[in-house]
Amino acid sequence: MKFVEIVKTDFAGYKEEEFRKALKYCIENKEALAAMNDKGEITCLLLFSRTEKELQFLATHPDYRKLGAAKKLIKKMILAFKPGDQIQVVTFTSEDKKGIAARNCYHACGFKDDELLTVFDYPCQKMILTVE
């Protein structure tokens, strides 16, 4: 949770208790992936759902961004799915400056833009990746 305290402001609608429950569930179901530094501190965290076919949470510590950890975790997550599965993620719209890095990462991993949404009263966009 120390890691999440650093990145939580990047997530509209973040609620600590709900996040704790989701994190616990993902860990128990082997749907959580993390990258760590040499001190054993989390530098990047990814949570996903096999059932929902969804990347639910992805964050990188500000000091470790643009080093490829997020892409590595996405590629590892993809291995949990079958060819033909469509994985979705909800992220910022293309007009939102906060989403530039996230959208670039998702596009680089093969996600394509899909429908526009509003989540927690915030404009977002769904992106889809079809597993090959």
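The values are calculated or read from the model by the stated rules, or taken from the named source; none is laboratory data. Since the structure is predicted, the reported quantities are computational estimates derived from the model, not experimental observations. For neighbour counting, all protein chains shown are included, and Cβ atoms are generated from backbone atoms with ideal geometry for every residue, glycine included. Accessible surface is based on the protein model in full, side chains and every heavy atom, while ligands, DNA and RNA are left aside. Shrake-Rupley method; radii C 1.70, N 1.55, O 1.52, S 1.80 Å.
Per residue, how much accessible surface does the chain expose to a 1.4 Å probe? Answer in Å², no decimals.
63 Å²
Can you give the calculated 222 nm mean residue ellipticity of the chain, where each DSSP H run of n ≥ 4 adds -39,500 (n - 2.57) and the sum is split over every residue, rounded to the nearest 500 deg cm²/dmol?
Estimated from H runs of four or more residues: -8500 deg cm²/dmol.
Enter the mean projected area of the convex hull around the alpha-carbon atoms of region 12-132, in nm², rounded to one decimal.
7.8 nm²
Please list, in order, the residues from region 81-102 whose amide nitrogen is less than 12 Å from a point placed 7 Å along the Cα→Cβ vector of THR130.
84-87, by backbone N distance to the label point.
Using a Förster distance of 22 angstrom, determine the FRET efficiency expected from the C-beta separation of LYS39 and LYS72, and round it to 0.05.
Computed FRET efficiency for LYS39 and LYS72 comes out at 0.75.
Rounded to a whole number, what % of the accessible area of the chain do carbon and sulfur atoms account for, probe 1.4 Å?
Using a 1.4 Å probe with all protein chains present, the chain comes out at 52 percent carbon and sulfur.
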